[in-house]
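The values are calculated or read from the model by the stated rules, or taken from the named source; none is laboratory data. The structure displayed is predicted, hence computed values, not measured ones. Glycine also receives a Cβ, built like all others from the backbone with ideal geometry; neighbour counts cover every protein chain displayed.
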6 protein chains.
Amino acid sequence: MNPATEHSAAERPAPERKEPTFLLTEKCVADKSELARRFIETRARLNANVDKANNFLVKRYYNIDHNTYLEGALPAKTKELMGLVASACLRCDDCIFYHAIQAYRLGVPRAEQEESLNVALVVGGSIVIPHLRRAYELLEELYR
Amino acid sequence: MNPATEHSAAERPAPERKEPTFLLTEKCVADKSELARRFIETRARLNANVDKANNFLVKRYYNIDHNTYLEGALPAKTKELMGLVASACLRCDDCIFYHAIQAYRLGVPRAEQEESLNVALVVGGSIVIPHLRRAYELLEELYR
Amino acid sequence: MNPATEHSAAERPAPERKEPTFLLTEKCVADKSELARRFIETRARLNANVDKANNFLVKRYYNIDHNTYLEGALPAKTKELMGLVASACLRCDDCIFYHAIQAYRLGVPRAEQEESLNVALVVGGSIVIPHLRRAYELLEELYR
Amino acid sequence: MNPATEHSAAERPAPERKEPTFLLTEKCVADKSELARRFIETRARLNANVDKANNFLVKRYYNIDHNTYLEGALPAKTKELMGLVASACLRCDDCIFYHAIQAYRLGVPRAEQEESLNVALVVGGSIVIPHLRRAYELLEELYR
Amino acid sequence: MNPATEHSAAERPAPERKEPTFLLTEKCVADKSELARRFIETRARLNANVDKANNFLVKRYYNIDHNTYLEGALPAKTKELMGLVASACLRCDDCIFYHAIQAYRLGVPRAEQEESLNVALVVGGSIVIPHLRRAYELLEELYR
Amino acid sequence: MNPATEHSAAERPAPERKEPTFLLTEKCVADKSELARRFIETRARLNANVDKANNFLVKRYYNIDHNTYLEGALPAKTKELMGLVASACLRCDDCIFYHAIQAYRLGVPRAEQEESLNVALVVGGSIVIPHLRRAYELLEELYR
């Protein structure tokens, strides 16, 4: 509580945020995996719908969401994998696909995706297994 | 699907698992933070109770849980932070405290704990905020 | 705690409950939107199944559920939108479709549906987004 | 789909529902376990509050809830343990305490309570563990 | 899909957002209800902690959260009650207290708070009941 | 806490675990119900994928999951129905189908499946209803 403490929160500089460097485009991923292609196309079609509605708060949310996964104190790779963990333990197939593809585009190896899913499995329980199965089907197509 | 593919899952060696190196004991953490001390003591007292019951399946679960956070394809640090993300987005104060303390004992800086909590906040929504507040109270005591 | 207090709970008359007036039949909605039509038909087919089973407790639950959304202290419109918020933050596509269609049939304008979904998005987090996308697709068909 | 089928749903008689026979009163349980006593007293105090409000729908819900755990096609004991499983995997301490005490009052042995909690643990994951610990503390007091 | 349609999303003006008018300060509420006072004070103390950390993304989230409940297409009152529904069905006591107090400060009568909680109860099930009990204790203090 | 107590946890023998006796093979069930057949085939195809990945922790989890539903202090039948309750209140269609089919293969009558689903409905709320509808469709095919 001493304001003069060397490592106090008030004095920590905010970590620099910047866009991560993707090794692959969404197009490349869609060409490699049929599951990824269908996910990416459906998402684009539905997002076009949301964009058209031009809702102020939704746009703000999309913006804050984008900012969450930039390079910062933690690498973008790690945060995409954290997004994967959160998605898997909250059991959202679309979100799992989104973060698994983003992590793949950033060059994350399959073993790291699997270990991330393991954290979600053990924290979230067997109810996560159906989502894990579908995630492995995607990983199989991406990393073959 | 080609079994001869160089990177096929069947041929990937399982990542080596080993115990992480903690920089601090639980005792050190308890001495520094009153919130941590109370958490650690209550947890130990209640776990003694569970141990005494000697339930086969519970012991198996504790064992698999322990194995999840070892050094492997991903560093133990990263997986403790993933445990923190999962705990925060599933909104379990005890689990948040457990993983935040484990990450602290492994030398994770505060900014990485905050970014992990940010992933949980954005994925899990404002319902996470009361847990975030209590997590920040702990971080304040740990990193002062 | 003073039993003589003017506004004490014991003396409040129960709000009168009555059926809301729908401006549109389910048939009209199904004719306008293909997504609504498929939802309404599948729901009717599956409910016929449940009705046939004639389970006492399920019938009681359907009855209490029906009573929840009648005109009362709050207008039926508002409660259908609250049902939408609850459905979206608990992430149930069928429930979202049900309440969005009910609200539409009661004459709720699109902007009110969007603001309700915003509450669910901000409380429930980005995990709500895939459901929001599908809800907007329905809104697009209903309100065009 | 053949309405003449011997076992068709339409012809199944509804299982008879009747009140279960408790071997112990709440008072007995409260006398044996301090944790149970505090739970029972707080619950009674807060329920008095709810009763006073005399809300039509809440009363209906309490009534349907009561009907769920009567003797029927399944014994009341089994359904109280199912209530325990549901409570533990949805992670509600109050609900866990309620159903563990009800099961105890019906003469369920500790080993059956533990196996029920195991189903919740494996389905619901490590996030259930803090609740399991508190449940074991109660079981320890009840079954000593 | 016809861009010239009168009510198309593209042409709808964004609803004006403005701060709601509170009839009561937090101080007034704290003076009336001991439960509210304790909640408000703890929240303020923990938020001071979060503010001190000065985390960019957390500040953005607090800001978007604030914007969600302004007057807009729906009255602020309705959206606070929707926040209450979301909080109750996601089972967060702090969030329930927050929105119940905000709604009270905006002049919402008790019967509307109860009907909102009923939506959460019926959508969210008996697992909501322990939270409902605590909410009614607060309502009892606020509306006496 | 007296270690000499007759019924102390330390002295309770662990309940014997053994494989349950299924009255029907998965093949029989698939032949009877088209819904079951599609579920069983998809699950087998996706599990083959997971098996191929040969992930140490996933295999451990599948193993502990298998052990949970063996004959023990509670009959396997009861625990499959508890798995059904947990699956329904956590709202996982695949898990509901899995446990409903397992219970059917063990000779559980339809009325017991319905009462189990009722516990999940009342604990979990109307958000469970869409899953209940799909479960009843399966029950209709299995028990005709």
If C:E114 passes every condition in (1) within 21 Å of F:I129 (Cβ to Cβ); (2) among the charged types (D, E, K, R); (3) crowded, with 24+ Cβ neighbours inside 10 Å but one, which one does it miss? (1)
Mind listing whichever residues of the stretch D:88-114 are within 8 Å of the chain's Cα centre (by Cα) and among the small types (G, A, S)? D:A100, D:A103
Is it fair to say D:A10 is at pLDDT below 95, in a loop (DSSP other than H, G, I, E, B) and among the small types (G, A, S)? no
Could you grab me the full set of residues in the stretch B:50-87 that are under 18 Å from F:Y61 (Cα atoms), polar (S, T, N, Q) and more than 18 Å from the chain's Cα centre (by Cα)? B:N55
Take F:D51 and tell me if it is of a type in the set (D, E) and touching a helix residue (DSSP H, G or I) at 6+ places or on another chain (Cβ under 8 Å). no
Of all residues in the stretch F:48-62 being of a type in the set (A, V, I, L, M) and more than 7 Å from chain B (Cβ to nearest Cβ), which is farthest from A:Q113 (Cα to Cα)? F:A48
If a residue must be at the interface with chain E (Cβ under 10 Å from one of its Cβ atoms) and touching a Ser or Thr at 6+ places or on another chain (Cβ under 7 Å), how many such residues does the stretch F:108-126 contain? 3
For the stretch B:73-87, does any single residue satisfy the condition of being at the interface with another protein chain (Cβ under 9 Å from one of its Cβ atoms), in contact with a helix residue (DSSP H, G or I) (Cβ under 8 Å, 6 or more places away or on another chain) and surrounded by fewer than 23 Cβ atoms within 10 Å (Cβ to Cβ)? yes
Under 21 Å from A:R43 (Cβ atoms), within 7 Å of another protein chain (Cβ to nearest Cβ), in contact with a Pro (Cβ under 6 Å, 6 or more places away or on another chain) and surrounded by fewer than 24 Cβ atoms within 10 Å (Cβ to Cβ): is that true of A:D94 in this structure? yes
Any idea which of C:T25, C:T78, C:T21 is modelled with pLDDT of 95 or more, of a type in the set (V, I, T) and under 22 Å from E:A120 (Cα atoms)? C:T78
